[in-house]
């Protein structure tokens, strides 16, 4: 069986299976079953600055469908006994060099889908589409995924915004939660709903790729961009991928990591052009997996990004957040061999760069010195005193803002200048007005998205 023959053979087999399904139903052998579903119904759903409250009840729904055992019997004893079924299995096995038992398993999946649709009524257009999807799966072609990611750490002033084609961010709606669930056990008549972890925003993404890890990396870097847009503990609670595929499954993907939504920020229509520019310029510069860096990705900027994320996301005390934020800045502003006067050098270099973004240099320097003291006390295992705790939360947020802007600068300049050379130019700018002017020109011309 050639590659061109496979779609036509699948078409003939599909038509025969549909005819068998119709005949099975007409003869009264197709058994139906009534299944009980439960669907939540919201009488009230309020969204105020990202805080969601509701009043809800459950509605029972009875649906008639093909009895599961009877359906499985039909697949094994009718569909698989069609001579062309085994011909197609053998042809696909030889063409794609796949074991026959694996092809049989895949074709059975296709047959189950096809017979369910035939029971409900399937058009020729839908059949052609399903055959095309199956062939694309056999060819291991890229698949279009429609992805819905529930995120915390950000809330929307309006219903939703189109960031650019293929990416939209919107508020969580009642329709996202009003999902029917089948009741399997009389002792547990109401399915469990995790409404307590309902985040205020949903990221909708259309992405074409072969493997799930590819769109997972894409989502992670969009979340990185949202964390870099403003100081926000933006993270995914769960992701629902829906592939246009026969053989590749979707399901629900939840993070096993414990994150905290300590910092939240609003997003408005006015923010979208700036956010769009940041994503377009920054996302290509980000590592593939910033939260678990591979050895080859452990560059100073990537390490700094990881520590920035630790400060934003990990459910830890304020001293730990300040420490992570300071180590983020250390990865950017301190050289590999530097061992002395680290606090002073860090404060001076950061204040020079941040001055180009309207931060007050002396305030930056003093803030980082105080944060560095807390970092040193904490990292050496000593207890933070009451005096150091005063204003620690505000201090942490300031340092995180310094880290955010600095990360954007270093990311934008990474393709243009080596870190050590950039640090040298900062040190020269501390001593020479001409060097300071040249540094400002380099930063301002290349860091418009900061």
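Please treat every number below as a calculation from the coordinates, not as lab data. Predicted model only: the values in this text are computed from it and were never measured. Positions of Cβ are backbone-derived with ideal geometry, glycine not excepted, and every protein chain shown enters the neighbour counts.
From most to least packed by mean Cβ count within 10 Å, the peptides 159-165, 245-251 give 245-251, 159-165.
Helix 212-229 axis versus longest C-alpha principal axis of the chain: approximately 30°, rounded to the nearest ten.
If R0 is taken as 41 Å, the Cβ-Cβ distance between residue 285 and residue 53 corresponds to a FRET efficiency of 0.55. Label-to-label distance for residue 237 and residue 376 is 4.2 nm, based on points extended 7 Å past Cα in the beta-carbon direction.
Extension gain for residue 16 to residue 90 (0.36 nm times residue separation, less C-alpha to C-alpha distance): 24.9 nm. Taking 0.692 mPa s as the viscosity and 37 °C as the temperature, the Stokes-Einstein diffusion coefficient of the range 310-389 based on its alpha-carbon Kirkwood radius rounds to 248 µm²/s.
The residues 106, 145, when put in order of fewest to most other Cβ atoms within 10 Å, stand as 106, 145.
Taking the longest Cα principal axis of the chain as reference, the axis of helix 124-138 is set at about 60 degrees. Mean separation of Cα pairs under 8 Å and 6 or more residues apart, divided by the residue count, gives the chain a relative contact order of 13 percent.
Dimensions of the range 81-233 based on its C-alpha atoms, expressed as ranges along the principal axes with the largest first, amount to 61, 42, 28 Å. Each residue, residue 316 and residue 98, gets one label point 7 Å from its Cα in the Cβ direction; the gap between the two is 4.6 nm.
Of the peptides 219-232, 130-143, 415-428, the ranking by mean beta-carbon count within 10 Å, highest at the top, reads 219-232, 130-143, 415-428.
In percent, rounded to a whole number, the relative contact order of the range 288-450 is 24, using alpha-carbon pairs under 8 Å and six or more apart. Highest average first, the peptides 391-399, 326-334 ordered by how many other beta carbon atoms sit within 10 Å of their residues are 326-334, 391-399. Relative to one another, the C-alpha centroids of the range 127-176 and the range 317-338 are positioned 37 Å apart. Calculated mean residue ellipticity, 222 nm, the chain: -16500 deg cm²/dmol, from DSSP H runs (n ≥ 4) at -39500 (n - 2.57) each, averaged per residue and rounded to 500.
Ranked by how many other Cβ atoms sit within 10 Å of their own Cβ, fewest first, the residues 323, 22, 367 fall in the order 22, 367, 323. Straightening the chain between residue 157 and residue 360 buys 70.0 nm, computed as 0.36 nm per residue apart minus the Cα-Cα spacing. Entry note, the range 142-286: relative contact order of 38 percent, from Cα contacts under 8 Å with a spacing of 6+ residues. Compute the acute angle (0 to 90°) between the alpha-carbon long axis of helix 361-379 and the principal axis of greatest extent of the alpha-carbon atoms of the chain; round to the nearest 10°. For helix 361-379, the angle is close to 70 degrees. Considering all C-alpha pairs of the chain, those separated by over 37 Å amount to 44%.
Across all directions, the average flat footprint of the convex hull enclosing the Cα atoms of the range 288-450 is 9.9 nm². Fully extending the segment from residue 75 to residue 44 would add 6.7 nm, taking 0.36 nm per residue of separation and subtracting the current Cα-Cα distance.
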